[in-house]
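Asks: Before we start, here is the structure in question, set down as structure tokens.
The values are calculated or read from the model by the stated rules, or taken from the named source; none is laboratory data. Since we're looking at a predicted model, the values are computed, not measured. In this analysis, Cβ positions are derived from the backbone assuming ideal geometry, glycine residues included, and neighbour counts consider all displayed protein chains. These accessible areas exclude ligands, DNA and RNA; they are computed on the full protein's heavy atoms, side chains included. Shrake-Rupley method; radii C 1.70, N 1.55, O 1.52, S 1.80 Å.
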Amino acid sequence: MNGARGPSKLSWYAFATEYARAHWPGRAAKTRDEVSEALTVITMAMCWDMPGRPKGQLLRRALRHWAFVVPGPEQRELPAEDRLVLQWVAKASRPLVDLHDPILARDVLESLRRKLDGGEAAVETMPRKRKVLVHALHYAVERGELGSHPLEKIRWRAPKPAIAVDPRVVANPYQARDLLSAVSYVGGYRRARGRRLVGFFAGMYYAGLRPEEAVAAALPDCRLPRTGWGRLIVHRTRPQAGRRWTDTGE
């Protein structure tokens, strides 16, 4: 499948860790987090059912927290339990070229429908995970590990998210005012936590902001007349990500 040099003997797990590290520099922390999540789901689907399989929670933790993070596990001190889990994954991982089997490829795509805990994944997350898989396999073709893209002949699409808003689950203006009034009492008065939360949730409700946009909003970005609607200029976001995904460790 791989031209003159013959089929690649690279395992999926070895390839996935290489891919994660090659695409770590310059990526946003949130992007690194999403790539790790997708690679974790795919890697679990690409493991043989060998003896000694770790429990699901341990397997997810080792892959999520150590396998697809830079610096890699070999450069850091891992808990003994997690190191044993990754050793099992390295042995149980199927070869990368096995993805040319359409049955396996479809099974891997179907795994994107599940969350790491085994529950049904949100519809919005499936296209992102599929994008990671497609991009990773393009990278494998570029590196000469695959002769062609394994998903080109697979007819599989992630379900489209519902666009319509269900009025039964959206707070009406009267409920929103009551909720904003209630949240203003959170915490002590001096720390002003409640008042900050009012601004945060009011921005989301009235201006339709995403959480990372509401957090980044500042007074100079606002036009707030005494009556009527104002205007908010959205020009930055402050998404939250764990420290393992940032270059600074913050």
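Asks: Could you list, in sequence order, the residues of segment 204-213 that are within 19 Å of residue 173 (Cα to Cα), buried (at least 16 other Cβ atoms within 10 Å of the Cβ) and within 22 Å of the chain's Cα centre (by Cα)?
Replies: Once the filter is applied, which keeps residues that are within 19 Å of residue 173 (Cα to Cα), buried (at least 16 other Cβ atoms within 10 Å of the Cβ) and within 22 Å of the chain's Cα centre (by Cα), segment 204-213 yields only 209.
Asks: Would you mention how many residues in segment 223-245 are loosely packed, with under 14 Cβ neighbours inside 10 Å and either touching a Pro at 6+ places or on another chain (Cβ under 9 Å) or not small (Gly, Ala, Ser) (or both)?
Replies: 13
Asks: If you don't mind, another one. When you scan segment 137-153, do you find a residue that is of a type in the set (Ser, Thr, Tyr) and open to solvent by 60 Å² or more (accessible area, probe 1.4 Å), even just one? Before the answer, list the steps.
Replies: Let us first name the residues in segment 137-153 that are of a type in the set (Ser, Thr, Tyr), namely 139, 148.
In the following step, the residues that additionally are open to solvent by 60 Å² or more (accessible area, probe 1.4 Å) were identified as none.
There is no residue in segment 137-153 that is of a type in the set (Ser, Thr, Tyr) and open to solvent by 60 Å² or more (accessible area, probe 1.4 Å).
Asks: Looking only at residues that are in contact with a Ser or Thr (Cβ under 7 Å, 6 or more places away or on another chain) and assigned to a helix (DSSP H, G or I) in segment 45-60, which one is farthest from residue 93 (Cα to Cα)? Steps first, please.
Replies: Kept after step one, since they are in contact with a Ser or Thr (Cβ under 7 Å, 6 or more places away or on another chain), are these residues of segment 45-60: 45-47, 60.
Filter again for assigned to a helix (DSSP H, G or I), leaving 45, 60.
Working: 45: 9, 60: 14 Å.
Taking the candidates together, the pick is 60.
Asks: Scanning segment 23-32 for residues that are surrounded by fewer than 21 Cβ atoms within 10 Å (Cβ to Cβ) and in a helix (DSSP H, G or I), which turns out modelled with the highest pLDDT? Quick ask: steps written out before the conclusion?
Replies: Start the filter on segment 23-32 by keeping residues that are surrounded by fewer than 21 Cβ atoms within 10 Å (Cβ to Cβ), which leaves 23-31.
Restricting the remaining residues to those that are in a helix (DSSP H, G or I) gives 29-31.
Details: 29: 89, 30: 88, 31: 92.
Applying the filter and picking the extreme gives 31.
Asks: Scan segment 61-78 and tell me whether some residue there is in a helix (DSSP H, G or I), touching a residue at least 12 places away in the same chain (Cβ under 8 Å) and either more than 23 Å from residue 249 (Cβ to Cβ) or of a type in the set (Val, Ile, Thr) (or both).
Replies: First, the residues of segment 61-78 that are in a helix (DSSP H, G or I): 61-67, 73-75.
When the remaining residues are screened for being touching a residue at least 12 places away in the same chain (Cβ under 8 Å), the result is 61-67, 73.
Applying the additional criterion that residues be either more than 23 Å from residue 249 (Cβ to Cβ) or of a type in the set (Val, Ile, Thr) (or both) yields none.
Checked against the condition, which is being in a helix (DSSP H, G or I), touching a residue at least 12 places away in the same chain (Cβ under 8 Å) and either more than 23 Å from residue 249 (Cβ to Cβ) or of a type in the set (Val, Ile, Thr) (or both), segment 61-78 yields no hits at all.
Asks: Inside segment 74-100, can you point out the residues that are of a type in the set (Asp, Glu) and under 14 Å from residue 48 (Cβ atoms)? Even if it seems obvious, please write down each step before you answer.
Replies: Restricting attention to segment 74-100, the residues satisfying the condition of being of a type in the set (Asp, Glu) are 74, 77, 81-82, 98.
Of everything in segment 74-100, just one residue is of a type in the set (Asp, Glu) and under 14 Å from residue 48 (Cβ atoms), namely 98.
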